[in-house]
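These notes concern the structure reproduced below.
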Amino acid sequence: MHSVETQLKELMLASLAGDARSYAILLNDVAKHLRSYFLRRLSEAHKGDADDLVQETLMALHTKRATYETDRPFTAWLHAIARYKLIDHFRRNRIRATIPLDNA
């Protein structure tokens with residue numbers, strides 16, 4: 001069985017070589033992966049924003065796919081894009097992590 005990294009990287013490499021079917025599968029698989037990535041990082045009040053973040057990240061992946069260095073791990077590159085989209089979301093919505101003083 002292939003690891004997620006191996007599977008996604010193979011699909012990315014095939015899509016960069018022009019395989020449209022692999023690209024469609026990649027986007028579908030990445031969307032599922034990103035959804036769980038964002039849901040783990042968003043508070044309950046912002047879980048509804050996960051789908052928008054997935055779409056923003058997929059658009060960035062599509063736009064920046066030529067910058068992917070094929071000798072590097074794909075998921076690290078993907079998570080870097082997702083992380084920046086999440087940070088942009090937090091800034092745009094002025095979301096800050098707070099800890100009650102009693103718990104500090």
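Quick notes on this one:
- Whole-percent carbon and sulfur share, accessible surface of the chain, 1.4 Å: 53 percent
- By the helix-only formula, in which each DSSP H run with n ≥ 4 contributes -39500 (n - 2.57) and the sum is divided by residues, the chain has a 222 nm mean residue ellipticity of -22500 deg cm²/dmol.
- For the range 21-100, the set of GluC sites (Glu not before Pro) satisfying both a DSSP loop assignment and a count of at most 16 other C-beta atoms within 10 Å is given as Glu69.
- Remark: relative contact order (the range 9-73) = 31 percent; criterion is Cα-Cα distance under 8 angstrom and separation of 6 or more residues.
- Protein heavy-atom accessible surface, 1.4 Å probe, per residue over the chain: 68 Å².
- Highest-MSF residue in the chain out of Ala82, Ala24, Ala45 [GNM, Cα springs under 10 Å]: Ala45
- Debye log10 I(q)/I(0) for the chain, one point scatterer per Cα, at q = 0.17 Å⁻¹: -0.79
- Taking the Cα centre of the chain as origin and assigning +1 to Lys and Arg Cβ atoms and -1 to Asp and Glu Cβ atoms, the resulting dipole is close to 260 debye.
The values are calculated or read from the model by the stated rules, or taken from the named source; none is laboratory data. Predicted model, so just to flag it, every value in this text is computed and none were measured. Don't worry about glycine lacking a Cβ; one is built from the backbone with ideal geometry, like all the others, and counts go over all protein chains shown. Remember, those area values only see protein heavy atoms, side chains included, never the ligands or the DNA or RNA. Shrake-Rupley method; radii C 1.70, N 1.55, O 1.52, S 1.80 Å.
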